[in-house]
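The values are calculated or read from the model by the stated rules, or taken from the named source; none is laboratory data. The shown structure was predicted, so the numbers you read here are calculated from the model rather than taken from an experiment. Note: ideal-geometry Cβ built from the backbone for every residue, glycine included; neighbour counts use all protein chains shown. To get the accessible areas, we keep the full protein, side chains included, count just its heavy atoms, and leave off ligands, DNA and RNA. Shrake-Rupley method; radii C 1.70, N 1.55, O 1.52, S 1.80 Å.
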Amino acid sequence: MTYALKFENVSKSFSTSDAIKDISFEVEKGEFFSLLGPSGCGKTTILRIIAGLEQPTSGDVYINEQLINDIEPHLRPVNTVFQSYSLFPHLTVKENIIFGLKIRKYDKKEIDSSLEEVIALIDLKDHLKRKPHQLSGGEQQRVAIARALINKPEVLLMDEPLGALDLKLRERLQVEIKSIQESTKITTIYVTHDQTEALAMSDKIAVMSKGEILQVDDPETLYEKPTNKFTSNFLGNPNVFKGVIKNEKFISDEFEEIAVSNTKNGPASIFIRPEIISFGFNKVTSPNVNCVEGVVEHILYRGSWLDVIVSVNNTKIEISKENNFDLSIPDEGEKIYLYWYINKTWVVFDDQK
Amino acid sequence: MTRNKLNNILGLPGIIFLSIFFFTPSLFIFRYIFGSRTRTGKTSFDKIYFDSFSQLLDFNVVPIINKSVVTAFFVTLICFIVGYPFAYYIKKLSTTMKYFSLFLISIPFLTNFLSRTYSWKILVSKNGLITKYVSMFYDVSSLLFTDFAVVLGMVYVYLPFMILPIFTSLENIEDSLLESAKDLYANPFKAFYYVTFKLSLPGVIAGVVLTFIPSLGAYIIPQILGGSKSMYLGNFTVLQFIQASNWPLGSLVSLIILLFMVFAINLLFKFEGQRNL
């Protein structure tokens, strides 16, 4: 396998704190790789180390099998799309986009044809002569992407590129960025704190917390089979209960027994995602499902879906249901039964990291 | 509508002030140019005279204009060469040191301009500190009443006017822009030139205007450090008005200074307008 980017035991400490601790990962050529985590988890530091804007305290970074630790940032075959766009305010859109080519003294023909290629991917035709301050946020971000893309970098780095945009535009640009990445096959490292963004766009996601990578997997595995508490909690909005697993039963203060499919015993937490829980007005008895009784406490009407908060044995379980025509909405205070598949009850033991 | 009216009212005091104290005197000056100095020193206006224009050549004013422009040019150039790196240096200091440096730069403004210029007289006179130092390399006994002393004095006075606007424009440049230049293959030198320097140009232009204009019309510094033999446009004009009572020639020279300034400012703003295209 060929790796476009490899981190080997990379650490970076700042005078006051550790930014990242002993990070190792590999990114395949052409992969869309996301670094996902809350702010301050060190994901931007990783990006800046790849770009050469920060030096690692220890460890090695490789691009295409070549050690790049000591290579100056301007000689690295990577380009960055910064969160704040960082467009040059004194240059036009066109001058911004071709900056990287002009600096390296490409001749006019090459610049023109590269520009045309990029404009074909990213629609900026009408804005070429404008200054960045005359563009909207979304347009500015497109310019920033074009400015990086035109150089055909080995690795494209994107630091929360959509963070400053409103929801609708963000969703549109997610599709746009993803399709550009798929057609150009440029290896992309994408930093975000938005889990839905990471899930929707990535081939692989590294979940980070407090300077460490906790799990690297494809979006589906990550969401369905998280290996640790942090990932289970960070992705989605699961119902979490702490207790003990004994003989394929979960026992806690709130629950006498919830069936799980794990054979291991020991202290653990269970995660039940709101969307896997169904509800009805009659008790369900089946060897494949858990069923608990509860009282509807709140119903949050979200438009395309409903969040129902149900109080069960002095605790609360949140369920979320698509708002389709066959959904009979319960009343607040009504007694209902919640049920879900036993094998969908996700267990993370306390001794798992 | 009302907003516009309010705006006009806000401009009114300035408009009145400038009309009385700038525009009207300018008209007087313009009229005086076409007057003629009589024997008693009064100016005669009985017809349109062109005496002042011919005197421009008779009194050898052209070399004076030349010298003044060249001097102002060099003063501006030296201020830029010294001021830009210094402004850059201050920008890189910690916040406390930054404001401390700016405070130090502005201290001379708290001292009277005349006394500052007189203290330069001491420095460049026969036993002055600067004369002593320069005489180690060149054979000079006194630097007083030389063009060198005039340039030195002007650079001293006008340097802060170069440093401050450049500092302000450098201060407004975000560090992230330099990072993205580096990310786009610019080595430190190119990143400085294409980003830092280009973005600081408005400050440079302001600095150049603020240095060149007063140097061109300077009167006190050439008078004190240049002596009576060394003529600059500023003291030549004063000479015409006060000693020679030749108001037509004095007025013409004032107009010439004004035109040079307008020309210089125009050139710079044209350059500023074009550089982005």
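For the reader, a short list of remarks on this structure follows.
- Environment charge at residue A:32 (Cβ cut-off 12 Å; Lys +1, Arg +1, Asp -1, Glu -1): -2
- The stretch A:142-253 - share of DSSP beta bridges that are antiparallel (%, nearest 5): 60 percent
- Local net charge near residue A:138, Cβ-Cβ under 13 Å (Lys/Arg +1, Asp/Glu -1): -1
- The stretch B:196-275 versus the stretch B:9-55: alpha-carbon centroid distance in Å: 19 Å
- Basic side chains Lys and Arg get +1 at the Cβ, acidic Asp and Glu get -1 at the Cβ, and with that the dipole of chain A about its Cα centre reaches some 960 debye.
- Rg/Rh for chain A (Cα atoms only, Rh after Kirkwood) is 1.06.
- Sorted largest first, extent of the stretch B:1-147 alpha carbons per principal axis (Å): 59, 59, 25
- Rounded to the nearest 20 debye, the dipole size of the stretch A:237-349 about its Cα centre is 460 debye, using +1 on the Cβ of Lys and Arg and -1 on the Cβ of Asp and Glu.
- Where the Cα pairs of the stretch A:237-349 fall when distances are cut into 5 Å bins, in %: 2, 12, 22, 25, 19, 11, 6, 3, 0
- What a 1.4 Å probe finds exposed on chain A is 48% carbon and sulfur by accessible area, rounded to a whole percent.
- A 1.4 Å probe run over the stretch B:54-275, with the rest of the protein chains in place, finds 51 Å² accessible per residue.
- Chain A: angle of helix A:137-149 to the longest principal axis, Cα-based, in degrees nearest 10: 60 degrees
- Between A:180, A:165, A:205, the Cα set farthest toward the positive side of the dipole of the stretch A:3-228 (charges on each charged residue's Cβ, about the Cα centre) is that of A:165.
- Peptide A:97-106 - average C-beta neighbours from other chains (10 Å radius): 3
- Among the listed pairs A:229/A:335; B:92/B:270; A:242/A:264; B:67/B:229; A:43/A:94; A:131/B:198, those beyond 20 Å (Cα-Cα): A:229/A:335; B:92/B:270; A:43/A:94
- Within the stretch B:149-216, the ratio Rg/Rh, alpha carbon atoms throughout and Rh by Kirkwood, equals 1.14.
- Förster radius 30 Å - calculated FRET efficiency between residue B:141 and residue B:107, Cβ distance, rounded to 0.05: 0.40
- Positive contributions from Lys and Arg (+1) and negative ones from Asp and Glu (-1), summed over other residues with Cβ under 12 Å from the Cβ of residue A:300, come out at -2.
- Counts of other chain beta carbons within 10 angstrom of each beta carbon in peptide A:190-200 average 0.
- The loop-placed trypsin sites (Lys or Arg not before Pro) in the stretch B:143-232, going by DSSP, that have at most 13 neighbouring Cβ atoms within 10 Å of their Cβ come out as B:229.
- For the stretch A:1-60 versus the stretch A:222-294, the gap between their alpha-carbon centres in whole angstrom: 34 Å
- Note on exposure: A:190, A:62, B:156 ranked by accessible area (1.4 Å probe, complete protein assembly) read B:156, A:62, A:190, with the most exposed listed first.
- Among A:200, A:148, A:19: highest mean-square fluctuation, GNM of chain A, C-alpha pairs under 10 Å: A:200
- Angle in degrees between helix B:247-274 and the longest Cα principal axis of chain B, rounded to the nearest 10: 20 degrees
- At the listed q of 0.22, 0.25 Å⁻¹, the Debye profile of the stretch B:180-251, built from one uniform point per Cα, gives log10 I(q)/I(0) equal to -0.92, -1.02.
- The antiparallel fraction among DSSP beta bridges confined to the protein assembly as shown stands at about 75%.
- Dipole moment magnitude, nearest 20 debye, the protein assembly as shown about Cα centre, only Lys, Arg, Asp, Glu C-beta charged: 4080 debye
- Cα lying deepest toward the dipole's positive end in the stretch B:54-275, options B:226, B:188, B:87, charges on Cβ: B:226
- Once the Cα atoms are used to define both axes, helix A:167-184 deviates from the longest principal axis of chain A by about 60 degrees.
- Across the protein chains, with a 1.4 Å probe defining accessible surface, the residues B:43, B:76 rank B:43, B:76 from largest area downward.
- Take the Cα radius of gyration of the protein assembly as shown and divide it by 2.2 N^0.38 Å, N being the number of residues; the result is 1.47.
- The mean of 1/r over all pairs of different alpha-carbon atoms in the stretch B:54-275, once inverted, gives a Kirkwood hydrodynamic radius of 19.5 Å.
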